[in-house]
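Scroll down for the structure; my scribbles are underneath it.
The values are calculated or read from the model by the stated rules, or taken from the named source; none is laboratory data. Remember, predicted model here, so these are calculated numbers, not experimental data. Here the Cβ positions follow ideal geometry from the backbone for every residue, glycine too, while neighbour counts run over all protein chains shown.
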Amino acid sequence: MDLPDKDAPLPETLSSAGKDETLHAYREMLRIRRFEETAARAYTRGKISGFLHLYIGQEAIAVGTSLAMQPGDRIVSTYRDHGFALAQGCDANACMAEMFGKKTGLVGGVGGSMHFFERDKGMWGGYAIVGNHIPIAAGHAFASKYLGDGAVTICFLGDGAVGIGPTHEGMTLAGLWDLPVVFVVENNRYSMGTPLERTLPAADITSRAPGYGMVGDRFTVEDPFQVRDRIGAAIRRAREESQPTLVEILTYRFRGHSMSDPAKYRGKGELEAFRASDPFERANRALLELHGMTEEQLEAIDDEVIAEMDAAAEFADQSPQPDPDYRFENIMIEGEG
């Protein structure tokens, strides 16, 4: 695995951004990171059941994508979905309560960590079955094309999903029917704990794009504005030309696959090398070096965000359990009359 250059200069997209937009993007990435850290602590205390997959290290993708979207556009995600929900404006209290399995959660406490959903925020679900949400995203895009609503579906998947049968089926239909969808592979270098070179015969996942009749785009994430521009181009192609795109973003997760994974498969010095090129830390550096902010100012922002997430955990802990019969709701559409 090639390690990033820790001494690389700030990327152009970040250097050319204004102070206000840099601060906004930084704060949104910070909110995701502190939310995930708070959730991890709650998990170790037994407040969260089941699996917990953290988004720490990948925040710039969710934030940059949100910056590129328009009202009505849809996100269909994997089970690593908390970052997208927060970037889309979902309430942190409701997100935390959902993971606690409480009535005040995004979907009433019956979905949990892997199934965040809030239609009005463009968050059309996290899905736990690897690769099986790609046909669902194609279905969303088909509906948009059929109805002419102008919406674009952005579907996220991990590198471990690209060998799954439904992934091939969904992308084939998207290319065949010219659907307004963007498929984004968040390549965080490991399929659970297996290095990518042991799971794929060709390292470049976008080399598959022509076979699906799609444009391909592949890049290493540097900052949220780079993601905004690259994903934005794919969204425009989908909206204006009804053409799908396959995007591969090389990223890195700083925690294990889930809370049960100690991530002992990492090479020596690997984690430290990727932390040095963390988009979150680059945004921090830009605010200090380019926009005249002080460490004290950034620490004050951090304190505010930590307080917000601590309050979310307290809200979730104090919220009531869902009514037993609630688990049977929202399963079938009731007939009229």
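At-a-glance table
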item: Residue 28 free of Cβ contacts under 8 Å to residues at least 40 places away in the same chain and of a type in the set (Asp, Glu); result: no
item: Output for segment 197-229, where each listed residue is under 19 Å from residue 16 (Cα atoms) and buried (at least 22 other Cβ atoms within 10 Å of the Cβ); result: 221, 223, 224, 225, 227, 228
item: Tally, over segment 227-237, of residues that are among the aliphatic types (A, V, I, L, M) and out of contact with any Ser or Thr (no Cβ under 7 Å at 6 or more places or on another chain); result: 2
item: Qualifying position, being out of contact with any strand residue (DSSP E or B) (no Cβ under 9 Å at 6 or more places or on another chain) and aromatic (Phe, Trp, Tyr), among 116, 100; result: 100
item: Residue that is modelled with the lowest pLDDT, among those in segment 322-337 that are surrounded by fewer than 11 Cβ atoms within 10 Å (Cβ to Cβ) and assigned to a loop (DSSP other than H, G, I, E, B); result: 337
item: Selected residue (only one of 229, 223, 302, 217 is modelled with pLDDT of 95 or more, within 15 Å of the chain's Cα centre (by Cα) and not β-branched (Val, Ile, Thr)); result: 223
item: Residue 97 crowded, with 24+ Cβ neighbours inside 10 Å, assigned to a helix (DSSP H, G or I) and over 16 Å from the mean Cα position of the chain (by Cα); result: yes
item: Pick from segment 132-159, criterion assigned to a loop (DSSP other than H, G, I, E, B) and in contact with a strand residue (DSSP E or B) (Cβ under 7 Å, 6 or more places away or on another chain), ranking: surrounded by the fewest Cβ atoms within 10 Å (Cβ to Cβ); result: 151
item: Elements of type helices (runs of 4 or more DSSP H) in segment 246-321, at least 2 residues being among the acidic types (Asp, Glu) and free of Cβ contacts under 8 Å to residues at least 40 places away in the same chain; result: 295-318
item: Residue ID - farthest from residue 278 (Cα to Cα), chosen from residues in segment 172-217 that are assigned to a helix (DSSP H, G or I) and touching a strand residue (DSSP E or B) at 6+ places or on another chain (Cβ under 6 Å); result: 174
item: Qualifying residue in segment 48-63 (condition: more than 17 Å from residue 281 (Cα to Cα), in a helix (DSSP H, G or I) and modelled with pLDDT of 95 or more); result: no
item: Residue match in segment 75-88 (condition: on the phi > 0 side of the Ramachandran plot and out of contact with any strand residue (DSSP E or B) (no Cβ under 7 Å at 6 or more places or on another chain)); result: no
item: Some residue of segment 20-38 being of a type in the set (A, V, I, L, M), touching a Pro at 6+ places or on another chain (Cβ under 6 Å) and not in a loop (DSSP other than H, G, I, E, B); result: yes
item: Residue count for segment 259-305, restricted to those that are buried (at least 18 other Cβ atoms within 10 Å of the Cβ), under 30 Å from residue 194 (Cβ atoms) and of a type in the set (S, T, N, Q); result: 1
item: Residue, surrounded by the fewest Cβ atoms within 10 Å (Cβ to Cβ), within segment 45-80, restricted to residues that are among the β-branched types (Val, Ile, Thr) and in contact with a helix residue (DSSP H, G or I) (Cβ under 7 Å, 6 or more places away or on another chain); result: 56
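Yes/no matrix, rows are residues, columns are (1) among the charged types (D, E, K, R); (2) more than 26 Å from residue 261 (Cα to Cα); (3) without any contact (Cβ under 8 Å) to a residue 40 or more places away in the chain:
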{"position": "48", "(1), (2), (3)": "no, no, no"}
{"position": "53", "(1), (2), (3)": "no, no, no"}
{"position": "69", "(1), (2), (3)": "no, yes, no"}
{"position": "89", "(1), (2), (3)": "no, yes, yes"}
{"position": "96", "(1), (2), (3)": "no, no, no"}
{"position": "104", "(1), (2), (3)": "no, yes, no"}
{"position": "109", "(1), (2), (3)": "no, no, no"}
